[in-house]
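The values are calculated or read from the model by the stated rules, or taken from the named source; none is laboratory data. None of these values were measured; they are calculated from a predicted model. Note that each Cβ is placed from the backbone with ideal geometry, even for glycine, and that neighbours are counted across all protein chains shown.
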Amino acid sequence: MLLRKTVTGLAIAFSLAACHQPNPAKHDTAAYDVIRDKSYLVRESKPLTNTPATDSVLAKKATFIAYLEKQGFKRHVIQQDSLLFHRENSLEVEMILTPPTDIWDMQTIIVFDPAKNPFFVNLHRDSTQLVHYVESKP
């Protein structure tokens with residue numbers, strides 16, 4: 001009987017210990033541009049030359065930004081190429097951006113709603129993709 005109580009007590013103790021989740025170790029975020037709010041991210045860069053293609057990309061980017069601001073997204077200028085997005089469900093999404101190689105890369109827009117994953121806007125396409133991301137439920 002005593003052995004049974006001891007084994008039962010140990011089983012309960014081990015079960016409680018197994019269920020205990022220690023606080024996750026906080027990692028250093030100094031090397032990251034940390035984003036927590038509903039925002040759109042842009043790189044600050046000057047276009048290489050004034051060409052019709054450059055003007056087209058800048059016009060499309062301006063249209064998308066106007067739509068995002070109308071939907072309540074705030075502008076965030078990318079400070080570092082390492083990004084860390086904090087979602088509402090406590091998950092983190094880490095991104096490392098490559099250096100821009102052309103006008104399309106220089107004008108990158110990343111949209112972030114804390115209830116969803118970050119979204120790269122494809123400036124080669126129309127606004128359907130962006131509207132779908134903004135209006136879809138998480």
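Before we move on, is Val77 within 19 Å of Leu97 (Cβ to Cβ) and exposed (fewer than 11 other Cβ atoms within 10 Å of the Cβ)?
On the way: within 19 Å of Leu97 (Cβ to Cβ): yes; exposed (fewer than 11 other Cβ atoms within 10 Å of the Cβ): yes.
For Val77, the condition - within 19 Å of Leu97 (Cβ to Cβ) and exposed (fewer than 11 other Cβ atoms within 10 Å of the Cβ) - is met.
Between a residue in the range 48-61 that is part of a helix (DSSP H, G or I) and any residue that is modelled with pLDDT under 90 and of a type outside the set (D, E, K, R), which pairs come within a Cβ distance under 7 Å, given they are 6 or more apart or on different chains?
Ala53/Ile103; Thr54/Pro47; Thr54/Ile103; Val57/Ile103; Val57/Trp104; Leu58/Pro47
Return only the number of the condition from (1) β-branched (Val, Ile, Thr); (2) part of a loop (DSSP other than H, G, I, E, B); (3) within 22 Å of Arg125 (Cα to Cα) that Thr29 does not satisfy.
Failing condition for Thr29: (3).
What are the pairs with Cβ atoms under 7 angstrom where one residue, in the range 87-115, is among the polar types (S, T, N, Q) and the other, located anywhere, is surrounded by 14 or more Cβ atoms within 10 Å (Cβ to Cβ) and part of a loop (DSSP other than H, G, I, E, B)? Sequence gap at least six, or different chains.
Final answer for the pair search is Gln107/Leu123; Thr108/Arg43.
Restricting to the range 37-48, name every residue that is among the charged types (D, E, K, R) and at pLDDT 95 or above.
Residues satisfying the conditions are Asp37, Lys38.
If you scan the range 35-70, which residues turn out to be surrounded by 15 or more Cβ atoms within 10 Å (Cβ to Cβ) and touching a strand residue (DSSP E or B) at 6+ places or on another chain (Cβ under 9 Å)?
Of everything in the range 35-70, those that are surrounded by 15 or more Cβ atoms within 10 Å (Cβ to Cβ) and touching a strand residue (DSSP E or B) at 6+ places or on another chain (Cβ under 9 Å) turn out to be Ile35, Lys38, Ser39, Tyr40, Leu41, Val42, Arg43, Lys61, Phe64, Ile65, Leu68.
If you go through the range 93-116 one residue at a time, how many are surrounded by 13 or more Cβ atoms within 10 Å (Cβ to Cβ) and either within 17 Å of Tyr32 (Cα to Cα) or not charged (D, E, K, R) (or both)?
The number of residues fulfilling the criteria is 14.
Take the residues in the range 50-78 that are polar (S, T, N, Q) and under 16 Å from Val134 (Cα atoms); name whichever of them is farthest from the chain's Cα centre (by Cα).
Out of the qualifying residues, it is Thr63.
Of these, Tyr133, Tyr67, which one is touching a residue at least 60 places away in the same chain (Cβ under 8 Å), farther than 22 Å from Asp33 by Cα and of a type outside the set (A, V, I, L, M, F, W, C)? Walk me through it before giving the result.
Details: Tyr133 fails: touching a residue at least 60 places away in the same chain (Cβ under 8 Å).
One residue alone meets the criteria, Tyr67.
Scan the range 79-117 for residues that are over 13 Å from the mean Cα position of the chain (by Cα) and of a type in the set (A, V, I, L, M) and jot them down. It would help to see each step written out before you state the result.
Initial filter on the range 79-117 (over 13 Å from the mean Cα position of the chain (by Cα)): 79-80, 98-108.
Residues satisfying the conditions are Ile103, Met106.
I'd like the residue in the range 119-129 that is within 17 Å of the chain's Cα centre (by Cα) and without any contact (Cβ under 8 Å) to a residue 40 or more places away in the chain and, out of all such residues, is nearest to Lys38 (Cα to Cα). Walk me through it before giving the result.
Initial filter on the range 119-129 (within 17 Å of the chain's Cα centre (by Cα)): 119-122, 129.
Restricting the remaining residues to those that are without any contact (Cβ under 8 Å) to a residue 40 or more places away in the chain gives 119-120, 122, 129.
Working: Phe119: 12, Phe120: 14, Asn122: 19, Gln129: 17 Å.
This residue is Phe119.
So the check is Cβ under 9 Å with 6+ separation or different chains; which pairs have a first residue in the range 30-44 that's touching a residue at least 40 places away in the same chain (Cβ under 8 Å) and a second one that's among the hydroxyl-bearing types (Ser, Thr, Tyr)?
Ala31/Ser82; Tyr32/Ser82; Asp33/Ser82; Leu41/Thr108; Val42/Thr108; Arg43/Thr108
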